[in-house]
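The values are calculated or read from the model by the stated rules, or taken from the named source; none is laboratory data. What you see is a predicted model; the values in this text were computed from it and never measured. SASA here: full protein model, heavy atoms, side chains in, ligands and nucleic acids out. Shrake-Rupley method; radii C 1.70, N 1.55, O 1.52, S 1.80 Å.
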Amino acid sequence: MRKSTRGKVLPFDYPFTDTASASAFETLFTGLQKFNPELTEAVMSDIATHCIHVLFKPNEIILDYGEICEYVYFAINGLVTSLEKEDGKEFNCWFMSDGDVIIAIDSFFMQHRSRERLVTLANTECIALHVDDLNMLREKHPSFAFLELMLTRYYYQQTFNRTKWLRKDAKGKYQMLKTHYPTLIQRVTRVALASFLGVSREHLNRILREEIAG
């Protein structure tokens, strides 16, 4: 088992001897089976021996600018934002929460320095897998390779759908976010939401007041 460079690493010795690790892994197993029902307990047992169980506090950096994203994090619970810089200004470009896969996409797949910063917005519990172990498991287990394909397709489709938001103004983007990601609206702070929409806090407040007024 590898050691994550950040966060509080919890005991994760398989077979599990503590309920917290067993519960987290069961949550992961159930979530991944939605993408590949053929994923067996035997394969997941092998995966477990290569995972780490890690906790992050609010406002803790998971990955910083210029670092290489060597881990894929499966969020058991919590909230994470991806930040980028443009013209010297930092902005929120997306959010990840319970059940999501957390990576800096370019950095993870290309294994080069990240242009993103991944930061927690709440207490966040993850199970993490190093890229080298991911590659090994892909070669070893066809069902895991298929799972990775299904996850990639799922997140590609989500990203493609969000590109259609680019033609909308801030109010339109807010409505799309509310429609397709309603729980995020309730969990993300207004500061972070305004940053994602590319507007000021005051502009966002006007959008919210107009919505309440009908």
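Quick one: order W94, W165 from most to least accessible surface, probe 1.4 Å.
Values: W94 35, W165 15 Å².
Result of the area sort, largest leading: W94, W165.
How long are the semi-axes of the equivalent ellipsoid of the stretch 95-142, defined as square roots of 5 times the Cα gyration tensor eigenvalues? Whole Å, largest first.
Numbers: eigenvalues 97, 50, 13 Å².
Square roots of five times the eigenvalues give 22, 16, 8 Å.
Where does the chain land on the Kirkwood hydrodynamic radius, alpha-carbon pairs, in angstrom?
Taking every pair of different Cα atoms in the chain, averaging 1/r and inverting gives 18.4 Å.
Show that you can apply the helix-only estimate: for the chain, add -39,500 (n - 2.57) for every DSSP H stretch of four or more residues, divide by all residues, and state [θ] at 222 nm to the nearest 500.
Helix contribution divided over all residues of the chain: -14000 deg cm²/dmol.
Sequence-distant or interchain residues sharing an amide H contact under 5 Å with W94, placed H: which?
S82
How many angstrom lie between the Cα centre of the stretch 106-162 and the Cα centre of the stretch 32-53?
Their Cα centres are 15 Å away from one another.
Amide H of L63 versus every other amide H placed in the peptide plane: which residues, excluding those fewer than 5 positions away on the same chain, fall under 5 Å?
Close amide H contacts, sequence-distant or interchain: L118.
Keeping all protein chains in place and using 1.4 angstrom, which order do H203, H180 fall into by accessible surface area, from largest down? Show your work: numbers first, answer last.
Details: H203 65, H180 110 Å².
Accessible-area ranking of H203, H180, largest first: H180, H203.
Per-residue HN-Hα couplings for the stretch 163-177, Karplus 6.51 cos²θ - 1.76 cosθ + 1.60 at θ = phi - 60°, whole Hz, x for Gly and Pro?
So the Karplus estimates, Gly and Pro as x, are 5, 5, 6, 4, 7, 9, 7, 4, 5, x, 5, 4, 5, 5, 5 Hz.
Across bins of 10 angstrom width beginning at 0, how are the C-alpha pair distances of the stretch 116-164 distributed, in whole percent?
The distribution over the stretch 116-164 is 20, 34, 39, 8, given as percents.
Of K85/K164; K89/K171; K89/K164; K34/K85, which pairs sit farther than 26 Å apart, going by alpha carbon to alpha carbon?
K34/K85
Just check the stretch 9-61 against the gyration tensor rule for me: Cα atoms, a ≥ b ≥ c as the square roots of the eigenvalues, rounded for a/c under 1.5, and otherwise prolate or oblate depending on whether a/b exceeds b/c.
Here the stretch 9-61 falls in the oblate category.
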